[in-house]
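The values are calculated or read from the model by the stated rules, or taken from the named source; none is laboratory data. Bear in mind the structure is a predicted one, so any value in this text is a computation, not a measurement. Ideal geometry is used to build each Cβ from the backbone, glycine not excepted, and the neighbour counts take in all protein chains shown. In case anyone asks, the SASA skips ligands and DNA or RNA and just uses the protein heavy atoms, side chains included. Shrake-Rupley method; radii C 1.70, N 1.55, O 1.52, S 1.80 Å.
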Amino acid sequence: MKREPNAVTLDFHFTLAYLCGGRGRGVLYREFLAEHGLEAETWEHQVIYDVFEFYGAAYILDASPRRELEFWTQFALRLFERTGVADAADLAGVHALRIRDIFGSRQFCVYPEVKTVLSELNRRRIPLAIVSNWPAGLAKLCHELGILGHFDEVLASAEVGHEKPAPEIFQEACRRLGRQPAEVLHVGDSIEADIKGATWAGLKAVLIDRTGSGTGAETAAIPSLDGILEMVGD
């Protein structure tokens with residue numbers, strides 16, 4: 001008899017949450033610079049990983065307004081310095097809250113069915129983990145989005161030291177959940193990073209295809225997270 005998965009790992013971006021306005025933080029940051037007549041070096045995605053090392057280490061959840069402003073002032077200073085903005089020390093305090101709005105949790109929205117599905121998996125006592133190619137501090141972001149409490153583990157590639165599709169990040173998730181790879185179902189939106197990576201690591205895998213773009217007959221797909229409720233033990 002074929003055994004159903006008894007643990008689930010999920011990607012974060014486009015699986016659990018999305019950018020509310022549909023535009024990336026790099027785009028919004030460049031627009032902010034242009035709006036204020038500021039010049040910076042050419043944007044590269046690595047900037048987010050570099051500045052979020054500070055976020056992961058220093059961000060305080062549920063901080064007072066004063067402490068929040070202090071944090072985002074320091075974050076803005078590091079961001080401006082990293083991207084070569086002149087007079088970074090003078091500008092950081094002035095623009096701290098705008099930088100918070102661009103790079104903080106309010107940029108993200110959770111898909112409508114996510115909390116209901118996660119609550120049902122919790123009711124079934126299915127161990128859950130997030131496995132994402134993401135900068136440091138993903139657990140803090142999930143806390144502010146109201147979903148962290150559903151998960152046993154959160155693995156961000158910047159903190160684990162491996163990126164999907166490398167099998168090591170999936171294997172580490174299985175180890176933390178106390179499951180063999182064959183017992184775990186991974187859900188994500190990328191065929192390369194999620195489906196191939198999880199399969200190479202020995203996990204079962206299903207693609208979440210929210211746009212209905214099609215995946216090919218060889219790839220199992222679901223249109224929303226509700227679909228995984230029929231794929232794991234009750």
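Could you tell me which numbered condition residue 62 fails, if it satisfies all but one of (1) at positive phi; (2) modelled with pLDDT of 95 or more?
So residue 62 meets the others, but not (2).
Which condition does residue 79 not pass, out of (1) in contact with a Leu (Cβ under 9 Å, 6 or more places away or on another chain); (2) open to solvent by less than 20 Å² (accessible area, probe 1.4 Å); (3) not aromatic (Phe, Trp, Tyr), if it passes all the others?
(1)
I'd like to verify a number: residues in the stretch 169-209 that are more than 27 Å from residue 125 (Cβ to Cβ) and out of contact with any helix residue (DSSP H, G or I) (no Cβ under 7 Å at 6 or more places or on another chain), how many?
6
Here are some residues: 154, 160, 117. Which one is of a type outside the set (D, E, K, R), farther than 14 Å from residue 11 by Cα and open to solvent by 20 Å² or more (accessible area, probe 1.4 Å)?
160
Is there a residue being outside any helix (DSSP H, G or I), over 22 Å from the mean Cα position of the chain (by Cα) and under 25 Å from residue 133 (Cβ atoms) anywhere in the stretch 49-70?
no
Name the residue, out of 158, 166, 193, that is at pLDDT 95 or above and touching a Lys or Arg at 6+ places or on another chain (Cβ under 9 Å).
Just one listed residue meets the conditions, 193.
For the stretch 1-46, give me each residue that is polar (S, T, N, Q), in contact with a strand residue (DSSP E or B) (Cβ under 7 Å, 6 or more places away or on another chain) and not in a strand (DSSP E or B). Reasoning before the result, please.
From the stretch 1-46, those polar (S, T, N, Q) are 6, 9, 15, 42, 46; that's our starting set.
Going one step further and asking which of them are in contact with a strand residue (DSSP E or B) (Cβ under 7 Å, 6 or more places away or on another chain), we end up with 9, 15.
Listed by number, the list holds a single entry, 15.
Which numbered condition trips up residue 60, out of (1) touching a helix residue (DSSP H, G or I) at 6+ places or on another chain (Cβ under 9 Å); (2) open to solvent by less than 60 Å² (accessible area, probe 1.4 Å); (3) without any contact (Cβ under 8 Å) to a residue 24 or more places away in the chain?
It is condition (2) that residue 60 fails.
Kindly check whether there is at least one residue in the stretch 171-186 that is open to solvent by 20 Å² or more (accessible area, probe 1.4 Å) and under 17 Å from residue 14 (Cβ atoms).
no
How many residues does the stretch 16-44 hold that are closer than 17 Å to residue 141 by Cβ and open to solvent by 40 Å² or more (accessible area, probe 1.4 Å)?
3
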